[in-house]
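Down below is the structure, laid out as structure tokens.
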């Protein structure tokens, strides 16, 4: 026994206290080996640290009792009147609390009559009350939570106000968490609209091969003051699974909305899970020589226009050499039933003017190509050729249609490099030619479901030169790509080379600069100009800016290097279509750490020059601080056209 302080150690155990009484004897033929300790008590047990007022520990059975004890798991502090320690590392807490504050005077806590914490950090408790500033907010008969597992803040409160929708209060709470499953409850209230509620779930499999996230929201609110509030809802989910060898992947998204209005009325960044407001199942499987995918994409919201895949399958075959000729063959096929359906409002308009409200067909396609790299002195020449054949069992004339064309081309490129003391300079001149023969079917004689159905006679040449400066072995610190596109046997452009492009980039540890330019020589104007820069001054200051210009001749295309649209339609026709959408945009962002606990983020967006629309200016300022015990406070002011929004939120973060 000692009252001058001491330390006792054993396998998996260390006890330190001011007063220690150690007993090691035989009583009635039974060995007794225990310790009683108190005063500045600290114990390491089962890879976890405990503190408390008094400890009794049995070395024989490896069990103990700790009074007025406390421990921590990750960001959580747990304690209570009494903690019972079990041999397997599990411990029970009586009159327990769970909080993120180190001190006993807790800002928020979970109070429970009893709690059990396993060695896997799983908490189960009974007779639960959730308290903030010692005020009970919720009560539950039982509660389970994984103390070490969460991808989102377990608690979040938010209050916002904007001119059009009025005040709004939101509460999001993790009501259940066990092993690899999280369940959240969200309550939303708008003064002008009423209540809304959501249930959110997150599942992450222990083998990290499956992720399943859902969001289910329902509300009853009024569109007009005297109107009986309709029911509005949104059900969305995302599933991803991959096999242990990563050769098979399953991706599923669904997003069912009661109406288009629900998305705007329930704006929340943390509610979106990137479903892109569509429902789709995509399965991909990789074999030794084949890569296949199978997709089903139905429309479940009748206010959307969408290309339904009911279903669509694709197979891509591994490239192979034809004998010993050096010629490489690549082949792929696809088959499916496609049905492009229009939104119900458009469908009514089409019926009124006697136009079909949907286009559907069984679509079969094969693409077969060959190419052969040919080294010639310092150059490598790679000619290419192939065919595309498509069969539609339906067409605008209500009969079958077949599409067939040849494609041909090739590229030639070389590379020169020279090393200097600290950098390596590489120059890469290149030329790429791509041609399509006249397709057997005109664009108006078959359905166009997406870009893979649009074909027109084309002969284009890209000439360019790339420059790279390497300061390491992997990524270039500076690069440029200067190139032009030429079109032959074409009636759209009066000049052979009407398009000139330049892309540049400069990357260093403290800044990043990139730009892209396109000069339209036929119209003598810039098709587009993109400039961006991001700078980090130090750990407290960073800022960036971006300017984007798009002329009315820079068509809105998913692939800017696909020029079939440019040569298939007259420029005058494209100028009158929604594909012509010239505009200017200026973006700015700024971060500064005001104090060790306060930071400020500023974002702005300015737009002008869009046809038939006025310019706009909008910005957002966020003040963020950690107020206490892992609670993050965010105060925001956002200015958007014709509206002001003020938001305050508090969330528990790691």
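The values are calculated or read from the model by the stated rules, or taken from the named source; none is laboratory data. What you see is a predicted model; the values in this text were computed from it and never measured. Reconstructed Cβ throughout: ideal geometry from the backbone, glycine too, with neighbour counts over all protein chains shown.
Note on region 393-412: residues that are out of contact with any strand residue (DSSP E or B) (no Cβ under 6 Å at 6 or more places or on another chain) and part of a strand (DSSP E or B) amount to 0.
Quick one: which of 562, 530 is under 24 Å from residue 480 (Cα atoms) and assigned to a loop (DSSP other than H, G, I, E, B)? Step through it out loud before you land on a result.
Values: 530 fails: assigned to a loop (DSSP other than H, G, I, E, B).
The unique qualifying residue is 562.
A single entry from 370, 390 fulfils the requirement of being touching a strand residue (DSSP E or B) at 6+ places or on another chain (Cβ under 9 Å), assigned to a strand (DSSP E or B) and more than 29 Å from residue 326 (Cβ to Cβ): 390.
Condition check ((1) closer than 27 Å to residue 558 by Cα; (2) touching a helix residue (DSSP H, G or I) at 6+ places or on another chain (Cβ under 6 Å)) across all residues:
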position	(1), (2)
396	yes, no
403	yes, no
410	yes, no
421	no, no
449	yes, no
462	yes, no
468	no, no
477	no, no
490	yes, yes
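Among the residues that make up region 39-55, is at least one of them modelled with pLDDT under 85, more than 30 Å from residue 632 (Cα to Cα) and assigned to a strand (DSSP E or B)? Yes, that holds for at least one residue. Answer yes if at least one residue in region 506-515 is in contact (Cβ under 8 Å) with a residue 24 or more places away in the chain and crowded, with 16+ Cβ neighbours inside 10 Å, and no otherwise. The answer is yes; a qualifying residue exists.
Do we have any residue at all in region 81-104 that's more than 27 Å from residue 204 (Cβ to Cβ), assigned to a loop (DSSP other than H, G, I, E, B) and either modelled with pLDDT of 80 or more or not assigned by TED's automatic domain parsing to the domain that holds residue 56 (or both)? Scanning region 81-104 turns up at least one residue that is more than 27 Å from residue 204 (Cβ to Cβ), assigned to a loop (DSSP other than H, G, I, E, B) and either modelled with pLDDT of 80 or more or not assigned by TED's automatic domain parsing to the domain that holds residue 56 (or both).
The residues of region 476-496 that are in contact with a strand residue (DSSP E or B) (Cβ under 7 Å, 6 or more places away or on another chain), part of a loop (DSSP other than H, G, I, E, B) and surrounded by fewer than 18 Cβ atoms within 10 Å (Cβ to Cβ), listed by number, are 488, 489, 496. Restricting the search to region 535-559, which residues are part of a loop (DSSP other than H, G, I, E, B) and surrounded by 15 or more Cβ atoms within 10 Å (Cβ to Cβ)? Scanning region 535-559 gives 551, 552, 553, 554, 555.
If you go through region 3-34 and keep only what is under 58 Å from the mean Cα position of the chain (by Cα) and without any contact (Cβ under 8 Å) to a residue 12 or more places away in the chain, you end up with 7, 9, 11. Considered as a group, the residues in region 201-224 that are farther than 11 Å from residue 238 by Cα, touching a helix residue (DSSP H, G or I) at 6+ places or on another chain (Cβ under 8 Å) and surrounded by 15 or more Cβ atoms within 10 Å (Cβ to Cβ) include one that is modelled with the lowest pLDDT, and that residue is 221. Of (1) at pLDDT 85 or above; (2) surrounded by 15 or more Cβ atoms within 10 Å (Cβ to Cβ), residue 616 satisfies all except one. Which? The number of the failed condition is (2).
This table checks each residue for (1) buried (at least 16 other Cβ atoms within 10 Å of the Cβ); (2) farther than 23 Å from residue 251 by Cβ.
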{"position": "290", "(1), (2)": "no, no"}
{"position": "296", "(1), (2)": "yes, no"}
{"position": "306", "(1), (2)": "yes, no"}
{"position": "331", "(1), (2)": "yes, yes"}
{"position": "338", "(1), (2)": "yes, no"}
